[in-house]
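Below: one structure, written as structure tokens.
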Amino acid sequence: MKRAARAHLRLGALEHNLGRVREAAPGRRVMAVIKAEAYGHGLLRVAHVLAPLADGFAVSCMDEAEALRGAGFGLPLLVMQGFKNDRELRQAAREDITVVVHDESQLRLLETTPLSSPLQVWLKLDTGMGRLGFSATRAAALHGGLQRCAQVVQPPVWMTHLACADEPERPENAAQLNRFEAATQGLSGLRSLANSASILALPRSHGDWVRPGIMLYGASPLADRDPARHGLEPVMHLQAPLVAIQDRSLGDTVGYGATFQCPRPTRVGVVAIGYADGYPRHVPNGTPVLVGASRAPLIGRVSMDMITVDLTDHPQAAVGDPVTLWGEGLPVDEIAAAAETISYDLLCAVADRVQVTTQP
């Protein structure tokens, strides 16, 4: 059952934002990251828009890749967690799905599992993220081993992931780039290092393939949290209607826990959205919403299905009017900052019960 809240998607912003990737990293191949239901925007919906524009799609797991192949998408697919067992490995070879190899267990499966055709491989080095990948000191040995493996299309693509790219001035970025370049020097194969933040701020990292994610959806990948500064347009516009307006007196309290006390006679608006819809529960009093084109502050705690806002300075607001929780004029990054989280978290958390509408 759908709620009155809706996530309105402006699909043309996806095209615009991928264009910004091309401008920032000219001449590079673009592996558009559409994992996690395209950061909450819908895997197949986003794939249909970006397929004519991207050089490939990156997803998290084989199930996501299988959904794309099943829907008829034939462009290169990259599974960033790779295969977990011999069944997934055979599936990748059968459906021409590229896999990231980052663990010894995967190397063993490559050597022992008969495949219908050789497999495209991206070989991941851990240069400082401390998560997935082989030690950079092993690059030459890994390269030699894969060259002897008839199951692998030659040469593999080299990749790594930067831990601090959202703060480009940090010394860890240069250290990781130096480590990667030293490890892969003289070894054949294309390179891929750059996520959204490093596409915009670390041109040295661009390599051959770039992997834009959050910037495709119009949120900032950088710590400054200002997507407009980087020419990005929001794709998702989260809205919900005003369902009630109440007049409260000086000193009255609003919401669970009586955490807000009216400092003046206050016109309180009730908006039909809450944490069950994906709006963050822990945003504080004063977090902005848009009523028309003007800001109004949230007051009181976020409830499961409702929030309350101060409409005292918005006498024109009426029941039924739409309220924007994030989107044009109110970046999701700003709401994420108020909730002490990141835009990725909010976009991915929008619930299935929220209506989705689109425009080109």
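The values are calculated or read from the model by the stated rules, or taken from the named source; none is laboratory data. These numbers come from a predicted model, not from an experiment. Here the Cβ positions follow ideal geometry from the backbone for every residue, glycine too, while neighbour counts run over all protein chains shown. Keep in mind that these areas ignore ligands, DNA and RNA; they rest on the heavy atoms of the full protein, side chains included. Shrake-Rupley method; radii C 1.70, N 1.55, O 1.52, S 1.80 Å.
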Task: Computed lengthening from Gln261 to His16, 0.36 nm per intervening residue step minus Cα-Cα distance - done: 83.8 nm
Task: Peptides 70-78, 8-16, 295-303 ordered by average Cβ neighbours within 10 Å, highest first - done: 295-303, 8-16, 70-78
Task: Positive dipole terminus of the chain, leading residue within His102, Pro156, Leu325 (C-beta point charges) - done: Pro156
Open item on the list: To test your reading of the geometry: what angle, between 0 and 90 degrees and rounded to tens, separates the Cα axis of helix 11-24 from the longest principal axis of the chain?
Closed with: 50
Open item on the list: Leaving out ligands, DNA and RNA, and with a 1.4 Å probe, what % of the accessible surface on the chain is carbon or sulfur?
Closed with: 50
TODO: Assign one of three labels to the stretch 80-125, namely rounded, prolate or oblate, based on the Cα gyration tensor with a ≥ b ≥ c the square roots of its eigenvalues; rounded applies when a/c is under 1.5, prolate when it is not and a/b is larger than b/c, and oblate otherwise.
DONE: oblate
Open item on the list: Once you place label points 7 Å from the Cα toward the Cβ at Ser60 and Met1, how far apart are they in nm?
Closed with: 2.9
TODO: For every other residue with a beta carbon closer than 14 angstrom to the beta carbon of Val79, add +1 if it is Lys or Arg and -1 if Asp or Glu, then tell me the sum.
DONE: +1
TODO: With unit charges on the beta carbon (Lys/Arg positive, Asp/Glu negative), name the residue among Ala197, Leu177, Thr266 whose Cα is farthest towards the positive pole of the charge dipole of the stretch 174-328.
DONE: Leu177
TODO: Would you mind computing, in nm to one decimal, how far apart the modelled labels at Val356 and Glu169 are, each placed 7 Å from Cα along Cα→Cβ?
DONE: 3.9
Task: Lys124 accessible area, assembled protein chains, probe 1.4 Å, Å² - done: 20
Task: Normalised contact order of the chain, rounded percent, pairs of Cα under 8 Å and 6 or more residues apart - done: 19
TODO: Would you mind getting me the FRET efficiency between Ala244 and Cys348? Use the beta-carbon distance for r and R0 = 22 Å, nearest 0.05.
DONE: 0.15
TODO: Label the stretch 90-227 by shape, choosing from rounded, prolate and oblate, from the square roots a ≥ b ≥ c of the eigenvalues of the Cα gyration tensor; if a/c is under 1.5 it is rounded, and otherwise prolate applies when a/b is larger than b/c, oblate when it is not.
DONE: prolate
Task: Heavy-atom surface of the chain, accessible at 1.4 Å and reported per residue (Å²) - done: 43
Open item on the list: Quick check on the chain: of the DSSP beta bridges with both residues there, what percent are antiparallel, nearest 5%?
Closed with: 50
Task: Sum of -39500 (n - 2.57) over DSSP H runs of 4+, divided by residues of the chain (222 nm, nearest 500) - done: -7500 deg cm²/dmol
Open item on the list: Between the stretch 158-174 and the stretch 289-360, what is the separation of their alpha carbon centroids in Å?
Closed with: 32
Task: Gap separating the Cα centres of the stretch 1-77 and the stretch 86-155, nearest whole Å - done: 25
Open item on the list: Can you classify the stretch 10-65 as rounded, prolate or oblate using the Cα gyration tensor, where a ≥ b ≥ c are the square roots of its eigenvalues, rounded means a/c under 1.5, and otherwise it's prolate if a/b beats b/c and oblate if not?
Closed with: oblate
TODO: Note down the accessible area of Asp247, probe 1.4 Å, to the nearest 10 Å².
DONE: 120
TODO: Give the value in nm², to one decimal: projected area of the alpha carbon convex hull of the chain, averaged over all directions.
DONE: 19.5
